[in-house]
Amino acid sequence: MIQFTLRQLRYFDALARHGHFGRAAEACAITQPAMSMQIKELEEALGGVLLERNARQVVLTKFGQELAERVREILRSIDELGDFARASRDQLVGRLRVGMIPTVAPYLLPKVIGNLTRMHPELDVHVRETVTPKLIQELSEGRLDAAIVALPVSEPSLTEVALFSENFLLVRPREDEAAPVLSAEALREMRLLLLEEGHCFRDQALSFCKMQSSTPREVLDASSLSTLVQMVSAGLGVTLIPEMAVAVETRSAPVSVARFDDPQPSRTVGMVWRKTSPLARQLLQISEVVSLSADALREQYGARAAKGNRRT
């Protein structure tokens, strides 16, 4: 009889995802030699070589690739068993793995965590911040319970619940604050600063400006909204940021913020989870808390955004 442990399967899954012993060991909070030993024992138990080892990376064998898919399904089923048990309770308890896109997390997360901790003290929230494609993949693989992203994601296997909508605002150098607000057509002639490829907010901004996804000469990329605003303050161009980010990102930057004429560019932010998740009822409750948190934030940043609009 073949004998292996659930822990070994989780270690192998981490190794298959990270492709590197050091990163996989760090993700599992164990030492690299300990992980190497566990993988070797798993290979001996299964009677096959799972991976090719070299100094830089780990490459799965054909057997390892096939096993990785099966292991991922097994671990997802085991996690869903735990979710099923938690779903039978009236109170929200235990671990909740939530993903957020980078243009939402820094602004919404503190308020959400505070409200969840106060309303559901037995809940242990784990947050993952990354771009939408990675969140959807990890959600589908069962490594996240839910994700907060810009809608729609148009994945048939996921439930989508809209949380709030917000406008995009124009950020430009302080010396331009008396100039008329630029139109979408005028923005195409400016040096437009945007987030790098992979961020859905980049695609939304390009769509408003009716520009192609390919990067023209006038567009400069950044990895965060903070960097974009600082680049504007340095006179490198103009940018768009979501309304939620205005109060935080313009606090220490000498820039001008203005609203566009109607119809204003905007996005809808929502929460998504697997339709098969046993925690669907609880996740709907969580989405209501997130929505209330966003409403409270809107009251805080609305006055700041309006002030910026009056200056222009």
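Here are some notes:
- In the stretch 1-54, counting only helices (runs of 4 or more DSSP H) that sit wholly within it, the ones holding 1 or more residues that are over 17 Å from residue 74 (Cα atoms) and among the basic types (Lys, Arg) span 21-28, 32-46.
- Subset tally (residues that are under 19 Å from residue 204 (Cα atoms) and part of a loop (DSSP other than H, G, I, E, B)) for the stretch 135-160: 4
- Verdict on residue 162 being more than 16 Å from residue 277 (Cβ to Cβ) and at pLDDT below 95: no
- Enumeration of residues in the stretch 149-197 that are among the small types (Gly, Ala, Ser), under 18 Å from residue 267 (Cα atoms) and touching a helix residue (DSSP H, G or I) at 6+ places or on another chain (Cβ under 7 Å): 150, 184
- Residues that are at pLDDT 75 or above and crowded, with 16+ Cβ neighbours inside 10 Å within the stretch 293-308 comprise 293, 294, 297, listed in sequence order.
The values are calculated or read from the model by the stated rules, or taken from the named source; none is laboratory data. Because the structure is a prediction, the values reported are computed rather than measured. Quick reminder, even Gly has a Cβ in these numbers, built from the backbone with ideal geometry, and neighbours come from all protein chains shown.
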